[in-house]
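The block underneath contains the structure these notes are about, expressed in structure tokens.
The values are calculated or read from the model by the stated rules, or taken from the named source; none is laboratory data. Small disclaimer: the values here were computed from a predicted structure and weren't measured. Surface areas here come from the heavy atoms of the whole protein model, side chains and all, with no ligands, DNA or RNA. Shrake-Rupley method; radii C 1.70, N 1.55, O 1.52, S 1.80 Å.
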Amino acid sequence: MPEDAGRDEGLEGEGDASFSKEERKPRGEKRPSSVSEGVLQPVKLCKAELYKPPTNEELSRLKETENLFHSNLLRLQEVFQDKDNLNQRYHRKRALYLTHIAHHLAKKKLFGSVKFAYMNGNHLKPMVLLQPRGKDAKIVTVRLFACPAKDVFKPSRLHPSKNNIRTAWFTEKDSPVAGATEPPTPHYNNSILWDLVMESNLVFLSEAASGFQGMRDGCFSGFLASMLVGYLLAVNKINKVMSGYQVLRNALQFLDGDVTMPTLIDFHEAFQVVFVDPSGRVNLCADMTANTYKQIQFEAKHSMEILDDKTVEGFQLVFMTPKPLIQTFDHVFHLRHASKLQAACKKMKLLNELMDHGGNYVAATLPFLLSLLERGLAQRIMLLTHTLPQTPPWSINTDPPQHKDVGSLSFGLLLSLDFATRILERGPEADKPEAVEFRQFWGQRSELRRFQDGAICEAVLWDATNMSQKRLIPEQIIRHLLQLHMDIPESSICYTGALLESVIKMGREPSGTGEEAMVNLVRSYDDLSRKLWNLEGLPLTVTSVQGAHPALRYTDVFPPVPVKPDYAYHARIKDRESLLPLAEKPCPAYIAPMKGKDGFIGVVIGSGQWPQDKEAIKRIKAAFQVQLAELLHQQHRLLCRPSPTHTDVYKDGYVFRLQVAYHREPQILKEVVTPEGMLKYQDNPESQQLELETQHSPFLTSSLHGSPQVGFLRFLHQLTTFDWKNSPLIVNLNGELKDTDYVDIQNHFVAARLQLPVMFIATPKDQHNSVWTKEKPSAQILQRLLVLALESLRSLEEQLMNPLGSQDIKIPRHLEAVDRPVKSFSRGMLKADAAVKTFSFPVVDYDPVQCYLQELQEAFSEFALFFYDKYGGEVIGVLWKPSAFDPQPFKASNMRGRMMSSLNKDPLTVPNVEAILEDFGILGEGLVKSVEARTEKWSI
């Protein structure tokens with residue numbers, strides 16, 4: 001069994017532990033003459049002594065814990081010699097012993113699979129996995145651990161401050177350096193102590209679980225979690241009469257608090273996280289990083305909040321809902337090639353840590369890498385965590401996996417919204433001693449800058465000119481620090497913080513995602529709002545101005561872009577101060593006003609002089625629109641176009657659509673007089689639309705915060721996993737809904753399910769009607785939407801979390817799927833900053849494609865569904881409705897798009913497909929290039 005094999009790569013090599021090389025002769029130790037040179041011979045023992053089976057008492061005590069851990073123990077007796085705790089001798093003998101056992105069991109017909117795996121990811125401690133033959137192979141796995149008797153090694157030799165890996169041996173030098181002190185090897189020592197106390201710890205758990213149903217309910221199947229419950233029981237934080245849920249809450253509260261383990265200075269100096277076992281010798285969390293423990297605390301805190309929230313299904317969210325890394329953290333990045341950490345060990349002079357971890361450069365460098373990034377990111381993050389890929393089991397006839405084969409390391413960043421996008425990192429003043437350390441940490445990025453308070457300080461300025469680039473400042477920091485301090489090239493880092501933004505960038509230089517455009521729009525809207533408030537001469541009082549457009553709350557994917565009409569494409573109608581597109585020129589892009597369900601500018605009028613008749617109200621509003629346009633033009637020289645229902649205002653290249661609102665109008669529209677003369681209130685499409693625009697849309701005023709990419713992934717996950725058929729989606733805006741409201745919504749939903757929309761969304765202002773989804777989607781469209789969302793989520797997660805799949809992650813797309821309006825529709829328009837004044841009103845709200853689509857739907861909705869991308873698609877997709885092709889009885893009033901069937905004796909009609917396709921082209925003359933019939937996909 002070789003001693004140098006466990007060194008793995010050291011600082012240069014690429015190998016891993018091997019059980020076949022020749023072993024070197026231990027220094028300072030004589031061997032019997034009968035021993036062959038280079039071969040270490042254990043003391044000869046009979047088979048009964050080599051494997052001593054547990055006693056009946058031990059089996060009884062371990063019976064319950066066997067159900068918890070599904071493992072068996074093999075106890076090694078007198079295989080070890082006095083100094084086998086040094087230089088990985090213990091680990092090699094243990095591995096050799098398990099190798100012998102594994103090959104022996106592989107010959108038995110009882111087992112269908114015999115493999116090796118690493119215990120807790122420690123490459124020095126393999127274990128044997130056994131699976132039976134037959135149908136139970138996938139559900140039963142027996143894990144064999146080998147552990148020595150508890151008194152094989154003196155515990156004092158394995159103290160965290162002791163050294164058990166000699167530097168000269170590890171670096172393959174003939175003799176140690178004179179006067180050099182050996183560094184402590186706490187992780188190595190702890191790995192041996194873990195085996196020494198394994199049996200006693202299982203006995204401790206057996207006694208804790210005895211008569212404790214709450215511990216055995218299934219919530220604590222992991223070893224560390226079970227040991228934590230045992231500890232809480234030992235210190236009287238819990239008792240055996242508690243239920244599993246009560247035990248869980250106490251464990252979460254313990255983790256959520258500021259946990260201070262026993263004050264053991266030696267442990268805390270050697271390890272980042274300390275959880276000492278009952279023997280007081282072993283740190284059960286020796287291999288856990290501080291970042292992992294912070295994540296546990298973070299998750300425990302939020303789990304408690306969810307369990308305490310009576311308005312959600314806490315158990316479902318905490319225990320049944322997966323939390324992929326890509327959906328949990330704002331930014332995720334992957335270190336593609338773990339082998340790059342080998343060079344980092346050498347640059348950061350981590351020889352001692354490398355020795356302590358048995359040559360595992362990933363485990364040796366990870367705490368330093370995390371500490372480096374935490375210092376650089378500082379206030380920008382609330383949490384930095386990591387995941388290590390699990391080494392899969394391997395056949396007993398193949399070599400074990402090497403460190404370089406571990407794959408990629410993944411890291412997650414939970415950003416602080418207040419600091420994440422800050423472009424300037426201010427350091428100490430230039431004459432302070434800390435300035436030298438600041439320059440060393442940031443390298444060439446650090447420079448002297450004078451600040452407004454007159455101080456001259458070291459500072460780092462990051463390259464970011466728009467919000468899209470500011471969101472990726474953490475990426476700049478990470479790439480810079482890993483290259484500077486650890487020699488990790490940028491090509492080895494795959495950062496997936498904003499990969500999806502490329503499909504919505506506006507195409508300007510520097511390219512952004514529209515946030516700056518929305519800022520300009522909001523600024524123009526605020527100015528218009530002030531002008532409306534201060535208008536003189538209005539017959540009624542303006543009580544509020546409400547903007548409900550998505551761009552005004554910074555949530556519009558493609559915000560309106562300020563443009564000016566190009567007079568080369570238009571003719572001017574002087575008497576109406578309007579522009580008309582020239583017939584000989586291509587149709588210019590139309591200007592979309594902020595209106596309709598996308599949002600509008602509501603001018604709310606408060607007065608007791610309103611009539612109570614709906615027709616009279618409409619006339620009053622129409623007259624008010626005319627006077628509003630005249631006053632805006634007279635007092636502020638704004639181009640206005642009034643109509644009976646709204647007034648369009650052209651300002652700063654935008655078109656704002658103003659609508660007058662009277663707060664009682666939706667109620668008046670619902671009034672119906674029965675034949676008996678009774679007045680009752682009944683919803684109708686007109687009242688519902690007005691109610692949606694004036695009473696629901698204005699409440700959506702909050703901006704969305706956080707990572708757009710994570711928000712989109714969570715949206716897809718929510719859409720695809722929610723039970724739309726049997727549950728209402730309750731959106732508690734501003735926390736206005738109480739517990740009783742939730743119960744009322746649920747009861748109403750169950751009682752009226754058949755009359756409610758297929759996608760039911762309840763809000764504080766709309767608890768029973770789901771006005772947002774009342775018209776659409778239909779059941780068929782919802783089903784197609786769910787299929788599309790599920791496939792999109794699967795594809796995105798696969799690409800975002802698989803950095804080794806390709807050199808660069810590319811998200812394929814069709815042009816018509818996510819085309820940008822600014823790129824597609826700019827013909828006949830000038831930029832807002834063009835030195836041209838607009839004296840006439842441009843064409844507004846005229847989209848030929850939408851008009852054509854509306855005509856198709858009105859004429860052929862009984863035969864087909866029509867799909868079109870309003871963001872610049874070049875294709876209208878048509879999907880036939882199978883039910884429409886069932887033969888129908890002949891009716892003279894129902895022959896549109898139909899013809900007589902020649903296959904039936906009775907007078908039946910079927911759709912006239914050829915005529916319908918011809919009509920598609922006729923209706924779209926001048927707009928439609930061709931009608932393509934994909935008959936190979938038809939099933940009619």
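Going by accessible surface with a 1.4 Å probe and the largest first, ASP575, ASP527, ASP906 read ASP575, ASP906, ASP527. Amide hydrogen proximity for ASP399: with H placed 1.01 Å from N in the peptide plane, no residue at 5 or more positions away or on another chain lies under 5 Å. Residue-wise HN-Hα couplings along segment 542-552, as the Karplus relation 6.51 cos²θ - 1.76 cosθ + 1.60 with θ = phi - 60° gives them from phi, are 7, 8, 6, 10, 10, x, 10, 6, x, 5, 6 Hz; Gly and Pro carry x. Summarising the amide proton neighbourhood of THR543: residues at separation of 5 or more, or on other chains, whose placed amide H is nearer than 5 Å comprise VAL604, ILE605, GLY606. Rolling a 1.4 angstrom probe over segment 510-580 with all protein chains present gives an accessible area of which 50% lies on carbon and sulfur atoms.
When the residues SER893, SER410, SER727, SER502 are ordered by accessible surface, computed with a 1.4 Å probe over the protein chains alone, the sequence from largest down reads SER893, SER502, SER727, SER410. The number of Lys pairs in segment 99-151 with C-alpha atoms less than 26 Å apart, excluding pairs fewer than 8 positions apart on the same chain, is 14. When the square roots of the Cα gyration tensor eigenvalues are ordered a ≥ b ≥ c, the ratio a/c for segment 625-695 is 1.5 or more and a/b exceeds b/c, which makes its shape prolate.
Shown in residue order for segment 771-777 are the 3J(HN,Hα) couplings computed by the Karplus curve 6.51 cos²θ - 1.76 cosθ + 1.60 at θ = phi - 60°: 5, 5, 10, 5, 7, 7, x Hz (x for Gly and Pro). Annotation: amide H of ILE493 within the under-5 Å range of ARG336, sequence separation 5 or more or interchain, hydrogens built in the peptide plane. Tell me whether segment 455-557 comes out rounded, prolate or oblate; compute the Cα gyration tensor, take square roots of the eigenvalues as a ≥ b ≥ c, and use a/c under 1.5 as the rounded threshold. Cα axes put segment 455-557 in the prolate bin. Applying a threshold of 21 Å to the alpha-carbon distances of LYS725/LYS881; LYS725/LYS776; LYS162/LYS294; LYS776/LYS870 flags LYS725/LYS881; LYS162/LYS294 as lying beyond it. The string of couplings for segment 643-660 from the Karplus curve (6.51, -1.76, 1.60, θ = phi - 60°) is 8, x, 10, 6, 10, 8, 10, 8, 8, 6, x, 9, 10, 9, 9, 9, 10, 8 Hz, one whole number per residue in order, with x for Gly and Pro.
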